[in-house]
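Student: Take a look at this one; I'll ask things after.
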Amino acid sequence: MGTRKKVHAFVRVKPTDDFAHEMIKYGDDNKSIDIHIKKDLQKGVVNNKQTDWSFKLDGVLHNASQDLVYETVAKDVVAQALDGYNGTIMCYGQTGAGKTYTMTGTTENYKHRGILPRALQQVFRMIEERPTHAITVRVSYLEIYNESLFDLLSTLPCVGPSVTPMTIVENPQGVFIKGLSVHLTSQEEDAFSLLFEGETNRIIASHTMNKNSSRSHCIFTIYVEAHSRTLSDEKYITSKINLVDLAGSERLKKSGSEGRVLKEATYINKSLSFLEQAIIALGDQKRDHIPFRQCKLTHALKDSLGGNCNMVLLTNIYGEASQLEETLSSLRFASRMKLVTTEPAINEKYDAERMVKNLEKELALLKQELAIHDSLANRTLVNYDPMDEIQIAEINSQVRRYLEGTLDEIDIINLRQIQEVFNQFRVVLSQQEQEVELTLRRKYTLIDKNDFAAISAVQKAGLMDVDGHLVGEPDGQGFGLGVTPFSAKPGKKAKSKKMFKEQLSTSARKEGASSPVGGKDLDFSTSKTQLTPSSKEGDVKDMLMRDRETSSIEPLPLDSPKEELRPPRPSTPPPKPVAFEDFKNERGSEINRIFKENKSILNERRKRASETTQRINAIKREMDMTKEALNFQKSLREKQGKYENKGLMIIDEEEFLLILKLKDLKKQYRTEYQDLRDLKAEIQYCQHLVDQCRHRLLMEFDIWYNESFFIPEDIQVSLKPGSSIRPGMVPISRIVSLVSGMRAGVGTADEHKVVGSTSCSLSSPQTWQCIGCSQPLPRLAEANGQVQVSSLLWRMGTQKTSLAAATFLGWLILPRWQLQGVWQIQGRGF
Ligand code: ADP
Ligand code: MG
């Protein structure tokens, strides 16, 4: 963005022999005009008080040649247009004062040509000077006559007949005239011929003061678009130069117009007055709304008045005393225009096609670069393309397996894959949360804390005491209304974790073992649990099978006798090392057993390997000794001379036995060595299994620890055993936040299922339905003061839940008061 710039305002005085020297005076710097009106002359003409006016302008052009006018007024604006700045040059003034002369000039005399042909000339000259750019020039010529738009170039053969009238359209790029023909001109001559075509088409109205004066506003626009010839440059600039020849600004009464001309004059006056209003508004910094749309002229010039363009106003005035009143009015307009500021800015655009091509090129280059890096880093070919559905599904499955513990780690391939892994973690987590929430909703009812009617109904039904505690739960450990049900706040959890770490490190130091969490050498020998005897002789495959089974070990059902026998939950969780011992005896006993089994197999293999090594060494030693003895025998034989029989060597028995022994030892050595190799492989495999088991044990322990000491028991009951959800796997803070929203205070587990809705109202026995879900509740009847409900179903979310659940097969019998309290039963029969 450029800096703010004032509109340039010039005045051109039409040469005359009858110049009012006494009334019109130019300043020495040619930048001001002083007007003086003699008292007697001004009587009743302008006003009674003021006789002198002084107007400060950017230049006063008197007796100025067309050349000088162009140099002063237009040259810079046109030059800047080629750099991407919009420009507007406007001629204002009363009819006959020289607007058209200034703008178009005379056609018969080349020297007297106006701004239009000179601007076109300058544009084409400058294009020639810029071979580095491909610059296109287009022109249009619009006339606004009696508030109607006319295309002055519509007579050209290339322009088809217009079907709909032209309209002014605004879009983010600016204002344009829909239906106005815009003509590409590749050379100066073409542009000139278009200009002459337009000139001859101008509507000329007869007028008393100047027969040939135009009664319309004409806007000649030159559109410039400059692209760099360097193909890599995707930026390009656009600009437009508006050259505006306004209709005469004189007042009606002077023109003596009538009929059609009167109508013209009315429109002209109106549009000029709107132009003035818009300009006054533009000059006022506090105004945020500029009334551009009041007439076609200001609307068409919306982005050419003020805004981001270079703007010049040239006011044409007469020099005669008789026109002084209009001259004053024109000068006032000019001085107002001078107050307007604009903020010229380059219209820079991006060539989408070139941009895409350049980006494609860069992408290809970067891919090559990446391939080089991959090969230097010895990485196999990596695909960096976006992932398809199958690949994403594969990642989802990897994440699930990883969370389950059946996959040790997810290999990192590239950034895209890492992002997708994280994404899938989020997907899995949110699915689990949804599942948890659904299950909880099935179990509990949401009662608004502020819904006192519902609360009192529940209390009246005797299902909850005034403190919000559940009936039958003396310790108040349940979901009481407004009561934070357990002490598992995140802060506390963090604290207990810290505590655990501290305790762990001290206990580890005492026992001389490292931390059980993540520690590779987790020492289970201190465990109170009895070691299970190791499995039978070294069948690695057998072990693998068993390990696979461990992967699918499900946690013990929560309602298993073991869980039921567990003492009530302590108010503060025990330290983790202590809890870990308990875990190994309870929920983790099976995994712990397998872990120990694996470990003992590992130890046994290690022992065997060590024994084999010892044996190998012994064999090796014996071999060496045998070799030595043989050598000795040989040297002895050589000393005694050779025994040969038909080319065959004859050796004594001792030597022969030694050779046999060596052969035997060699055989033994090979066998033992092979055994050792096999054992080493087995050890490696067993080690892997032990590590996996350890990992699983610790993971299960964490889940168990959360479930045992942090997640409320009734939530665990609701997350039915056997379902895929393990409450301990969901972050505790999430569960807590979910549950803290649940406010229910109704009865025991079985009663929950039955009366767990407060928002249902039964309108009549035949057509009862749940208000919340509009599900009909079929077959309700009353017998002996009890309501019998059969297959009472409702729908919550997508989950179809039987209120009676498995506990109430067939008919459900409820005390009537219980239903009244919760269901608000109305209608016949009750
Ligand atoms: P407008 O367009 O403002 O109504 P014109 O440009 O048509 O007025 O001028 C009216 C007449 O005066 C024309 O014949 C024009 O040639 C002549 N004229 C205007 N200004 C000048 C000037 N500066 N020098 C010579 N002739 C001029
Ligand atoms: Mg004119």
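The values are calculated or read from the model by the stated rules, or taken from the named source; none is laboratory data. In this text, all values refer to a predicted model and were calculated from it rather than measured experimentally. Cβ placement follows ideal geometry from the backbone for every residue including glycine, while neighbour counts extend to all protein chains displayed.
Student: Looking at segment 83-99, which of its residues are surrounded by 24 or more Cβ atoms within 10 Å (Cβ to Cβ) and within 10 Å of ligand 1 (Cβ to nearest atom)?
Tutor: Once the filter is applied, which keeps residues that are surrounded by 24 or more Cβ atoms within 10 Å (Cβ to Cβ) and within 10 Å of ligand 1 (Cβ to nearest atom), segment 83-99 yields C91, Y92, G93, Q94, T95, A97, K99.
Matching residues to (1) closer than 30 Å to R130 by Cα; (2) within 12 Å of ligand 2 (Cβ to nearest atom); (3) among the aromatic types (F, W, Y):
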{"position": "L68", "(1), (2), (3)": "yes, no, no"}
{"position": "A74", "(1), (2), (3)": "yes, no, no"}
{"position": "A81", "(1), (2), (3)": "yes, no, no"}
{"position": "T88", "(1), (2), (3)": "yes, no, no"}
{"position": "Y92", "(1), (2), (3)": "no, yes, yes"}
{"position": "G96", "(1), (2), (3)": "no, yes, no"}
{"position": "H112", "(1), (2), (3)": "yes, no, no"}
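Student: Now a separate question. Out of everything in segment 203-232 that is away from ligand 2 (no atom under 12 Å from the Cβ), among the small types (G, A, S) and modelled with pLDDT under 85, what residue ends up being nearest to L184 (Cα to Cα)?
Tutor: So in segment 203-232, the residues away from ligand 2 (no atom under 12 Å from the Cβ) come out as 206, 208, 219-232.
Then keep just the ones that are among the small types (G, A, S); that gives 206, 226, 228, 232.
From what is left, the residues that are modelled with pLDDT under 85 are 206, 232.
Numbers: S206: 34, S232: 25 Å.
That would be S232.
Student: Looking only at segment 233-250, decide whether some residue is modelled with pLDDT under 75, over 24 Å from C158 (Cβ atoms) and surrounded by fewer than 16 Cβ atoms within 10 Å (Cβ to Cβ).
Tutor: no
Student: A follow-up question, please. Would you list the helices (runs of 4 or more DSSP H) that sit entirely within segment 232-341 and hold 1 or more residues that are over 56 Å from the mean Cα position of the chain (by Cα)? If you could, list the steps in order and put the result at the bottom.
Tutor: Details: elements: 252-255, 260-283, 296-300, 324-337.
Passing ranges, in order: 252-255, 260-283, 324-337.
Student: Within segment 182-196, how many residues are exposed (fewer than 12 other Cβ atoms within 10 Å of the Cβ) and within 10 Å of L120 (Cα to Cα)?
Tutor: Final tally of qualifying residues: 2.
Student: Pairs only if they're at least six apart or on different chains, beta carbon under 8 angstrom, first in segment 103-123 and over 19 Å from Q187 (Cα atoms) and within 9 Å of ligand 1 (Cβ to nearest atom), second in a helix (DSSP H, G or I) and of a type in the set (S, T, N, Q); list them, first residue then second.
Tutor: Close Cβ pairs (under 8 Å, with a partner that is in a helix (DSSP H, G or I) and of a type in the set (S, T, N, Q)) amount to G105/Q66; H112/Q66.
Student: While we're looking at this one, here's another question. Considering only residues that are of a type in the set (D, E) and out of contact with any Ser or Thr (no Cβ under 6 Å at 6 or more places or on another chain), look in segment 319-336 and name the one that is surrounded by the fewest Cβ atoms within 10 Å (Cβ to Cβ).
Tutor: Looking only at segment 319-336, we keep the residues that are of a type in the set (D, E), and these are 320, 325-326.
Still in the list and also out of contact with any Ser or Thr (no Cβ under 6 Å at 6 or more places or on another chain): 325-326.
Details: E325: 17, E326: 20.
Only one residue fits best here, namely E325.
Student: Surrounded by fewer than 14 Cβ atoms within 10 Å (Cβ to Cβ) and either under 25 Å from the mean Cα position of the chain (by Cα) or outside any helix (DSSP H, G or I) (or both): is that true of A393 in this structure? Step through it out loud before you land on a result.
Tutor: Details: surrounded by fewer than 14 Cβ atoms within 10 Å (Cβ to Cβ): yes; either under 25 Å from the mean Cα position of the chain (by Cα) or outside any helix (DSSP H, G or I) (or both): yes.
So A393 passes the test.
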